[in-house]
Amino acid sequence: MRLQYLPINLPTGNSVGTSLVELANLISSRDIDSVLNLNNITRSHDIGKSLLDFYKTLNIDSCDNVTYQEKGSILNTLTSDSDVFETAALLNETEWKFLKLTGSFYGMLKIPETVRLLSVVGVLGNKDHVKKDIYNKSFMMLNDEKTYDHKIDPSIFNSYDGKRGSQILTSTPTNNPMQWFKLPWGKISLYSSLSGKSMDFPVYPDGLKDGVQANYETMSDILYQYEPWQVYHSSGPRSNTFSFKMHRDMWSGNHLDGKCNELIRFCEANCYPDYKGASVQTSTVTLYLVGKPYITGVMTSVDVSWDSDSPIGQDGFYLVCQLDLTITEVASEPLSYNTVMNKGLIS
């Protein structure tokens, strides 16, 4: 199985490593677990820390150095990618230990060729075979104890550099093509009291239609009245439907990242309770517009429509959908004439 090698950030000092969310922006969500298993790391929020924890179990300092014969055997398995071959050829002794024990380079994840990555990612594995003269010179130096001390001189790669500039993932990836669009990230979000978390929408709702109503009962059996008396019964509740038309590429530019599906399932989940033994817990949701709560209540309907005129993605499914949410208000404070009069524009 041919492998690619994806560099990630490891935590240092007060900084955190590459997160699961950042990794999911580059790898399809359905492939993440298989990639983590291949690299012997556990699924966590901080993937960089999980990889570092795995390294600590190896006890590198107590391992013997890799012999030049072992190095030659490993290099022979890497000749299909010149950038991988060059990276391995120039490793120091400690880095060779990591390569021998893990089958990967320090600070990099092994990615099977079958897993699709964004083409802009600086992953090792360029599919350019090592040139014959580079291969011959490398092994001549590796086997030469007197002149080269079993070391490969970096100068042989000067005329042919197969390595692409590695792009280490950061908390603000620059390889996302959607960064050039003014998407309202952080401005439109849905909060769930059941999970205690919120998720952002990449678009504004398709217009807003709001309204309140007052409910009165009539007393029509009173004699000698021109019209029946109106007796106040209740006001509301508000019940609004919000429509979001979205494209699955809007999150990372890669519609295989599963982000659109995560948002849809998050909304649908809030239509169901959570069972804790004999108790049944239901969710209250809040839709935030520009950081301000627009409505708080219960999710009564979630409808997803896939556009028949939509282009088809690489997974054979539609790319454009419309997500309709219906929320019936559960007021967070007693509503009266004065409280409603004092509400802001977005409330």
Exercise. Starting from the residue with the highest accessible area, list T67, T18, T282 in decreasing order, probe 1.4 Å.
Key: T282, T67, T18
Self-check item: Cα gyration tensor shape of the stretch 1-116, rounded if a/c is under 1.5, else prolate or oblate by comparing a/b with b/c
Solution: oblate
Practice problem: Considering the options V115, Q281, Y232, tell which one lies farthest towards the positive end of the dipole of the chain, charges being +1 on Lys and Arg and -1 on Asp and Glu at the Cβ, about the Cα centre. | Solution: V115
Quiz prompt | Listed candidates [x] 1.36; [y] 1.45; [z] 1.22 - label of the one calculated as Cα Rg over 2.2 N^0.38 Å | solution = [y]
Quiz item: Can you give the accessible area of M246, probe radius 1.4 Å, in Å² rounded to 10?
Solution: 0 Å²
Quiz item: How much FRET efficiency would the formula 1/(1 + (r/R0)^6) give for K146 and T114, where r is the Cβ-Cβ distance and R0 is 56 Å, rounded to 0.05?
Solution: 0.80
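How much length is gained if the chain between N40 and T339 is pulled fully straight, taking 0.36 nm per residue apart and subtracting their Cα-Cα distance, in nm to one decimal?
Working: separation 299, 0.36 × 299 = 107.64 nm, distance 5.68 nm.
So the extension gain works out to 102.0 nm.
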Self-check item: Cα centroid separation, the stretch 16-39 to the stretch 284-332 (Å)
Solution: 26 Å
Self-check item: Of K97/K127; K56/K151; K182/K245; K197/K259; K71/K97, pairs whose Cα-Cα distance is over 19 Å
Solution: K97/K127; K56/K151
Self-check item: Extension gain from T328 to S80, taking 0.36 nm per residue of separation minus the Cα-Cα distance
Solution: 83.3 nm
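So with the 1.4 Å probe, I'd like the accessible area per residue for the chain, rounded to whole Å².
Numbers: 19850 Å² over 347 residues.
Here the residues of the chain average 57 Å² of exposed surface.
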Quiz item: Where the accessible area of the stretch 180-342 is counted over protein heavy atoms with a 1.4 Å probe, how much of it, in %, is carbon and sulfur?
Solution: 52 percent
Quiz item: What does the accessible area of I346 come to, in Å² to the nearest 10, when a probe of 1.4 Å is used?
Solution: 50 Å²
Quiz item: Calculated from DSSP H runs of 4 or more alone, at -39500 (n - 2.57) each and per residue, what is the 222 nm mean residue ellipticity of the chain, nearest 500?
Solution: -6000 deg cm²/dmol
Quiz item: Can you give the FRET efficiency for D133 and C63, using 1/(1 + (r/R0)^6), R0 = 35 Å, r = Cβ-Cβ distance, to the nearest 0.05?
Solution: 0.60
Quiz item: Roughly to the nearest percent, how much of the accessible area of the stretch 4-156 is carbon and sulfur, given a 1.4 Å probe?
Solution: 49 percent
Quiz item: If the chain between S301 and L90 were fully stretched, how many nm would it gain, using 0.36 nm times the residue separation less the Cα-Cα distance?
Solution: 70.1 nm
Quiz item: Got a sec? What order do V330, V16, V84 fall in by accessible area at 1.4 Å, biggest, i.e. largest, first?
Solution: V16, V330, V84
Quiz item: Does the stretch 44-99 come out rounded, prolate or oblate, given a ≥ b ≥ c as the square roots of the eigenvalues of its C-alpha gyration tensor, rounded meaning a/c under 1.5 and, failing that, prolate meaning a/b above b/c?
Solution: oblate
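Please list V212, V340, V66 in order of solvent-accessible area, largest first, computed with a 1.4 Å probe with all protein chains present.
Most to least solvent-accessible, the answer reads V212, V340, V66.
Quote the FRET efficiency, to the nearest 0.05, computed for L194 versus D33 with a Förster distance R0 of 30 Å and r equal to the Cβ-Cβ distance.
Efficiency for this residue pair is about 0.75.
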Practice problem: Determine the shape class of the stretch 15-56: with a ≥ b ≥ c the square roots of the Cα gyration tensor eigenvalues, call it rounded for a/c under 1.5, and otherwise prolate if a/b is greater than b/c, oblate otherwise. | Solution: oblate
Practice problem: On a 0 to 90° scale, report how tilted helix 93-102 is relative to the longest principal axis of the chain, with both axes built from alpha carbons and the result rounded to the nearest 10. | Solution: 60 degrees
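The values are calculated or read from the model by the stated rules, or taken from the named source; none is laboratory data. It should be emphasised that the depicted structure is a prediction, and the values quoted were computed from it without experimental measurement. Note: ideal-geometry Cβ built from the backbone for every residue, glycine included; neighbour counts use all protein chains shown. Heads up: the accessible areas ignore ligands, DNA and RNA and are worked out on the full protein's heavy atoms, side chains in. Shrake-Rupley method; radii C 1.70, N 1.55, O 1.52, S 1.80 Å.
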